[in-house]
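Working notes, beginning with the structure itself.
The values are calculated or read from the model by the stated rules, or taken from the named source; none is laboratory data. Everything numeric here is computed off the predicted structure, so don't read it as measured data. Quick reminder, even Gly has a Cβ in these numbers, built from the backbone with ideal geometry, and neighbours come from all protein chains shown. Accessible surface areas use protein heavy atoms only, side chains included; no ligands, DNA or RNA. Shrake-Rupley method; radii C 1.70, N 1.55, O 1.52, S 1.80 Å.
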Amino acid sequence: MTTPAPAQLPGEPFSEALSEAAQAAGMSVRLILTIADAVRRASQKHHHGQEQELPEDFGQVAESWWSADELGKHLPASLLTHLTASEDWPVMARQLMSLSHAGVDLTTFLPNLGTMASGVERAVAKNIFRTKAEGTDRWADPLRKTIPEGLVRNAILASPAWPDIAAHMGRLHDQGVDVARILTDAHTAGLGVDQAIAAAVAVVPAPATTPAPASRFRSGSGLRRFRSRFRADSGHRADSGCARARSGARSCSGHRAGPC
């Protein structure tokens, strides 16, 4: 069984900040294009008596490709991808081409648009990081006061997810939740996890080793006993042989004819 992935990966707070910044920059581009298009329509009515729409030979695909190419010269790639993937991109593409068709100098308009959008993106990202940093500083001291020093507290503060943990704590506090009680329960749960892992490591059996066969003669006294027993057995067999030989000789002497 695989361990489920954590709710938020270490790199996600950074990605989340960039995503929010890109969205804000995209909103600023939409706002500028919408305002510019409104001014174009009003100006054409004022000077020509009516709005001037794009000729019918301008297809939506062509508008999209042309607008993306023009914007890509002045916008960050991440922002351009965000804009072209949005549902209202065809509207923005047509607004940009309408401005060009109306005589707006895009060599001036688009660089200014890109500078403005990049500034918005940087400002929003910086503000997100600042807010997260303030949140972590705000909750670090209550965490130290509630959870005693040890593995659990150190793991929380050193975790890449700590900014998100602090943000969740702040939201719960704002909703009237007793965050200190939650931290106490979290400390108890963390200790249980640590103890369970330590116990699992402790019960792992050591690899079994086969003992070497014991020697029959571990000491000089044992060897001497073996030699004494061997000599006694040898003497007994020799005496038995001699007895049998003498008995045979007597038997032979009883015969009168023929050799024994």
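Overview of values
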{"quantity": "Probe 1.4 Å, accessible area per residue of region 37-119, Å²", "calculated": "58"}
{"quantity": "Sequence of 153, 122 from largest to smallest accessible area, 1.4 Å probe", "calculated": "122, 153"}
{"quantity": "Total charge dipole magnitude, region 36-143, about the Cα centre, Cβ charges on Lys, Arg, Asp, Glu only, Debye to nearest 20", "calculated": "460"}
{"quantity": "Accessible surface of region 11-167 [probe 1.4 Å, protein heavy atoms]: carbon and sulfur percent", "calculated": "58"}
